[in-house]
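Notes for the one structure printed next.
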Amino acid sequence: MPDSLGNITVPDLTPSGTWPLNVRFGAVRQLAPKVVIHTFGAANEKVEQRYYVGKGERRFQLQYPRLTKAEIDSAVAFWRARLGAVTPFALNYPLEEGGTATPTVRFADDALSVQRDSQKGGSLRVTMVELPATYPTYSVTKTLSRFPDADFATALLAQVQEIIPLLHIRPKLIAGDTCPDNIFLSDRRCTVGGQLYQARLLEWGGISQAIGGENDTAKFILGNADGVLESLAADVDLSDAAISFSLFHVGSQTRLDLWSGEVSDFDPDENGQKFTVSGTDIAGALNEFCPQRVVDRACWKIFKDGINCTYSGSETTCDKSWARCTALANIDQFGGVFVQPQGVNVKDNASGTFGFGRRDFTSTSIINDSAYGKAIPHVYTDAALPVPMIICAGREEGDFYAALGIVSEGPIGAYDTDGLKHRLDNQPPHGPLPKGLRRSRGHDPVLDNDPDANSQYFSLGAGAGTQAYDVYKAAGIAFLDIRRTDAKGQQLSQVTEHSGTASVAAGMGGWAWSDDTTRVFAGTLVNPIWIAVNEWLRTKGLFNGSQGVQEASFDVHAAVA
């Protein structure tokens, strides 16, 4: 049965063909396993400790100082047909004692090194790696965390050491219920403690620990010549996957769990031969940008994810624009902030005499472009709280000034029932209310029958008496459309010169746990522990996840306590 990583089947490659060039006696050199030598300062630096690095497999280096063009072309064609280091093949070479050895090998990572001369011939050098017929199995008698105990410290003093690196990746969000959620990799195929580790780990390093607010980091380079890891990344969300790195000490059968964290980045190289996975410690989230949603004209949602975007039509793509969302008849779930200039006809009360002969003019709202890119606040409260608004648009209306401002990500529980506590330029809204004030609590999807009348439209009101609104909507955005009195005539100003404050009586809701297993959704969240947990879940993209997925990302027992 072939191996698999998640739902991706690893190609079960059968050896194919034989190296096409003749191997003369003496032309092949067997390379010894890589060894790192540590020299002690004591005893006049005559005491050494040797560490085996890598799998310890035999490596053959072949050198051909003179080849014809046809021979070089044959070798290159053979290499391409085996997809570089992917497909194994047979190597025949003569033995010193007579006879021929025929190991099964594959090309090493450095592949072919060809130099052509002016006579259309040239030289060639290639390194091959033997594929073992059997794979080792090791028992684990002891597992330690980060630091050796006395017995392991003694074992590390032995003159010869063999250490096997072990990498474990566990995605938090799984593509499909049947997808295995554990990926075990090493630099060789082996079984350690009853767990099979597949040979994918080419290099590892960069594991560091710092103080002063910096994060622990690590980098792992994995083999991807067969494209399996790229397919895995497309099938399983590796973002923020749990990742841990251990070292298995063969001599003492001890596994040392050295480092753990979360996947921060993953990407194949340009030719797809290697796949780099970078990780950072889990506390790195304390330095992440939060809240993560910003004022943006484009929708932030994943199209047709069935959670935030429940569009169920036949279309398969979306450019996240208002126009596209309108075409798909899904504007009640549009997650962007799209504001357009909006005109209104008003009378200039500074003109005419005793109210007669007043001039009509059209005033158009001005968009505050500096609002885009700002973080949308998260407001938590259960008592009246003044919240500064992000002014997105403003309009001079002769005797009045109107502004459209973002209050919080929604939905929030309630605004202050005293409408005069909402302020624009430190002035209450124009009365009698609700004439100068319109509120939205920010439901997602937008509610056409929201308790706050006409709150579904993200625009300024326009018209005399009965107000009219543009068609734009902003799902999940709590906002105010507020109008204050102004001196007669036109007082031209920039939108950035104005400010507003909304009085919020009940803020955002979120998840809370009453015990280790009971999760409830609180409409208004005020406990600071659960606020912190919910911000963590939002930052990690787990707010809409299942209870099990959420609880795997933090210590529920400690949070409840």
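Quick query: amide H of TRP259 versus all other amide H atoms, modeled in the peptide plane; which residues come in under 5 Å with a sequence gap of 5 or more or a different chain?
Long-range HN contacts for TRP259: PHE245.
If you average the sequence gap of Cα pairs under 8 Å that are 6 or more apart and divide by the length of segment 383-429, what percent do you get for the contact order?
26
Amide H to amide H under 5 Å from ALA393: which residues, 5+ apart in sequence or cross-chain, H placed 1.01 Å off N in plane?
ASN368, LEU404
Provide the FRET efficiency to the nearest 0.05 for the GLU203-VAL560 pair, computing r from the beta carbons and using R0 = 56 Å.
Computed FRET efficiency for GLU203 and VAL560 comes out at 0.85.
Take VAL86 and THR317, extend 7 Å from each Cα along the Cα→Cβ direction, and tell me the distance between the two endpoints in nm.
Placing both labels 7 Å along Cα→Cβ, they lie 2.7 nm apart.
Rank ASP399, ASP265 by accessible area, highest first, at a 1.4 Å probe radius?
So the residues, ranked largest to smallest area, are ASP265, ASP399.
Heavy-atom accessible area of ASP369 with all protein chains present, probe 1.4 Å, nearest 10 Å²?
About 100 Å², rounded to the nearest 10.
Give me the three principal axis extents of segment 365-451 from the C-alpha atoms, as integers in angstrom, largest value leading.
The Cα atoms of segment 365-451 stretch 36, 33, 26 Å along the principal axes, largest first.
Could you work out how much longer the chain between ALA468 and GLN547 gets when fully extended? Use 0.36 nm per residue separation minus the Cα distance between them, nm to one decimal.
24.1 nm
Leaving ligands, DNA and RNA out of it, rank GLU270, GLU396, GLU315 by accessible area with a 1.4 Å probe, largest first.
GLU270, GLU315, GLU396
Can you sort SER553, SER4 by solvent-accessible area, 1.4 Å probe, largest first?
SER4, SER553
Would you list which aspartates and glutamates come within 15 Å of LYS69, measuring only between C-alpha atoms, while excluding same-chain residues fewer than 8 positions from it?
Correct list for LYS69: ASP117.
Report the far tail of the P(r) of segment 81-173, meaning the percent of Cα-Cα pairs longer than 17 Å.
The proportion of pairs with Cα distances above 17 Å equals 74 percent.
For LYS120, which aspartates and glutamates qualify as cross-link partners when the Cα separation must be under 12 Å and same-chain residues fewer than eight apart are set aside?
GLU71, ASP73
GLU71 accessible area, nearest 10 Å², 1.4 Å probe?
Approximately 70 Å² of GLU71 is accessible to the 1.4 Å probe.
Between GLU497 and THR517, how many nm apart are label points set 7 Å from Cα along the C-beta direction?
6.4
Using 0.36 nm times the number of residues separating ALA384 and ASP3, minus their current alpha carbon distance, what extension gain do you get?
Roughly 131.2 nm would be gained on extension.
Using only protein heavy atoms and a 1.4 Å probe, report how much of LEU131 is accessible, in Å² to the nearest 10.
60
In whole Hz, with x marking every Gly and Pro, tabulate ³J(HN,Hα) for segment 247-257 from phi via Karplus 6.51 cos²θ - 1.76 cosθ + 1.60, θ = phi - 60°.
10, 9, 8, 5, x, 9, 6, 10, 9, 9, 7
The values are calculated or read from the model by the stated rules, or taken from the named source; none is laboratory data. Keep in mind that this is a model prediction, so the values were computed, not measured. Because the Cβ atoms are built from the backbone with ideal geometry, glycine has one as well, and the counts that use them run over all protein chains shown. Note: accessible area is taken over every heavy atom of the protein model, side chains too, but ligands, DNA and RNA are not part of it. Shrake-Rupley method; radii C 1.70, N 1.55, O 1.52, S 1.80 Å.
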